[in-house]
Amino acid sequence: MTRKVPKKSLITGITGQDGAYLAQFLLDKGYEVSGVLSDGHQHSLHRLKILGIADRVQLLSCRLTDIDCVGKLLSEVQPNEIYNLAAISSVGISFEKPDQTMQYNCLSVVALLEAVRRLGIKTRVYQASSSEMFGNALCLPVTEDSILNPISPYAISKVAGHLLVKNYRLAYKIFCCSGILFNHESVLRPDNFVTKKIVSTAVRISKGSREKLKLGNITIKRDWGYAPQYVRGMWLMLQQALPNDYVIASGQTHSLQEFVELAFINLDLRWEEHVDIDRGLFRPSDITVTLGDSSRARKEIGWEYDMSFSDLVKILVKDEVEYQTTQILS
Ligand code: NDP
């Protein structure tokens, strides 16, 4: 009896929220999973450890903005699929470090696509694009064909990556897809993201902490989903006969205030008693509302999402309670 040869995947940004969930998803599908640790960047393996998969993935080092280095890596691993998730991913940090954001987020996409082109390999590429690319869209919900109107250094860098993918697909027939993902959350979100900050602070307050939760503009509205369900969309895009770009979104929008209220209600607390609005936390320019339309993803690749907003917040709170308890015990 012949055994099926496992497919090989390579994930940049494997140490981040999506990288960790995607690695777990691909391992469950029987893939060999390699991840890239970028030279010159301090990585933490704690998300892979939380999911119990740190020793099931191969970790390799590479300067991801260097075409030759990426070419050597691809020749060594020979992946069937590459998921390019590594990025300076915070809008807030991109205002503080616009130069590094542009440099890393743009050059790493060029290096990857150009290495694939030069090697002439059939590797399929997923690029992590973002709803932020549409800025304050004139028409909601946003689709794949909506006008790009970025209003932060992060969003501008993501537009560059997005357009590079379209260009390499058209010019060189490379199988590359952009997943235009709307905000997706989990207990593995880094601490500097607002949902994680809200939930982790609320949980600490419920356990007796006397701290205040400091927030910026809580009137903004976002299309929020649950991260483990979004990584399936990334994989589905690379399993199709032809490459394309797809919006992955929940199709609902809610204000940050609603998120805060629900997080505290889940812990039997009144949010008004624990939150301070700090104008210093307002962004220089911010998107008022995001809302995505995933009809193309539903029809063409079979990606579905059916979690309600209240269930999402409930899961985030429950997982955070568990996470903080295991942190104290370990
Ligand atoms: P995370 O911030 O959790 O992970 C980002 C990854 O990139 C981490 O592995 C991080 O390493 C790595 N990284 C960050 N800066 C650098 C750098 N200068 N050099 C090399 N590696 C770096 O993001 P997510 O997992 O949430 O997102 C994955 C991708 O999807 C990102 O490209 C993001 O912009 C995009 N995206 C995310 C959305 C979301 O709602 N989560 C929405 C739309 C797009 P480490 O953690 O070890 O520092």
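The values are calculated or read from the model by the stated rules, or taken from the named source; none is laboratory data. Please read all numbers here as calculations on a predicted model, not as lab measurements. Note: ideal-geometry Cβ built from the backbone for every residue, glycine included; neighbour counts use all protein chains shown. In case anyone asks, the SASA skips ligands and DNA or RNA and just uses the protein heavy atoms, side chains included. Shrake-Rupley method; radii C 1.70, N 1.55, O 1.52, S 1.80 Å.
For this structure, a couple of remarks:
- Residue identified as more than 14 Å from the ligand (Cβ to nearest atom) and surrounded by 20 or more Cβ atoms within 10 Å (Cβ to Cβ) among L113, L73, L85, L48: L113
- Test: residue in the range 193-202 that is open to solvent by 30 Å² or more (accessible area, probe 1.4 Å), within 16 Å of the ligand (Cβ to nearest atom), more than 30 Å from Y323 (Cβ to Cβ) and at pLDDT 95 or above: no
- Looking only at the range 6-45, and only at residues there that are assigned to a helix (DSSP H, G or I) and among the aromatic types (F, W, Y), the one that is least open to solvent (accessible area, probe 1.4 Å): Y21
- Of the numbered criteria (1) surrounded by 14 or more Cβ atoms within 10 Å (Cβ to Cβ); (2) aliphatic (A, V, I, L, M); (3) in the same structural domain as V159 (by TED's automatic domain parsing), the one I301 fails is (3).
- Every condition in (1) without any contact (Cβ under 8 Å) to a residue 24 or more places away in the chain; (2) in contact with a helix residue (DSSP H, G or I) (Cβ under 7 Å, 6 or more places away or on another chain) holds for A297 except the one numbered (1).
- Meets criteria (within 11 Å of the ligand (Cβ to nearest atom), touching a residue at least 40 places away in the same chain (Cβ under 8 Å) and open to solvent by 40 Å² or more (accessible area, probe 1.4 Å)) for L119: no
- The residues listed here are R270, R283, R279; of these, the one that is basic (K, R) and over 30 Å from M133 (Cβ atoms) is R270.
- Options N136, N167: the member that is at pLDDT 95 or above, part of a loop (DSSP other than H, G, I, E, B) and open to solvent by 30 Å² or more (accessible area, probe 1.4 Å): N136
- Cβ-Cβ contacts under 8 Å between residues 6 or more apart (or on different chains), taken from a first residue in the range 300-313 that is without any contact (Cβ under 8 Å) to a residue 24 or more places away in the chain to a second residue that is basic (K, R) and surrounded by 11 or more Cβ atoms within 10 Å (Cβ to Cβ), are listed as E304/R298.
- Test result for L138, farther than 18 Å from I248 by Cβ, in contact (Cβ under 8 Å) with a residue 12 or more places away in the chain and out of contact with any strand residue (DSSP E or B) (no Cβ under 9 Å at 6 or more places or on another chain): no
- Selection of the range 197-219 for residues being in contact (Cβ under 8 Å) with a residue 40 or more places away in the chain and among the basic types (K, R) yields R204, K207, K212, K214.
- Flag if K97 is open to solvent by 10 Å² or more (accessible area, probe 1.4 Å), more than 12 Å from the ligand (Cβ to nearest atom), basic (K, R) and in the same structural domain as A128 (by TED's automatic domain parsing): no
- Here E300 meets the list (1) over 19 Å from the mean Cα position of the chain (by Cα); (2) of a type outside the set (A, V, I, L, M, F, W, C); (3) closer than 20 Å to T195 by Cα almost entirely, failing just condition (3).
- Considering the range 1-31, and only residues there that are of a type in the set (A, V, I, L, M, F, W, C) and within 23 Å of N192 (Cβ to Cβ), the residue that is farthest from the ligand (Cβ to nearest atom) turns out to be A23.
- One residue stands out among those in the range 300-330 that are out of contact with any helix residue (DSSP H, G or I) (no Cβ under 8 Å at 6 or more places or on another chain) and small (G, A, S): the one that is modelled with the highest pLDDT, which is S308.
- Conditions (1) in contact with a helix residue (DSSP H, G or I) (Cβ under 7 Å, 6 or more places away or on another chain); (2) assigned by TED's automatic domain parsing to the domain that holds E132; (3) free of Cβ contacts under 8 Å to residues at least 24 places away in the same chain; number of the one not met by P243: (3)
- Test: residue in the range 177-184 that is within 15 Å of the ligand (Cβ to nearest atom) and either aliphatic (A, V, I, L, M) or assigned to a helix (DSSP H, G or I) (or both): yes
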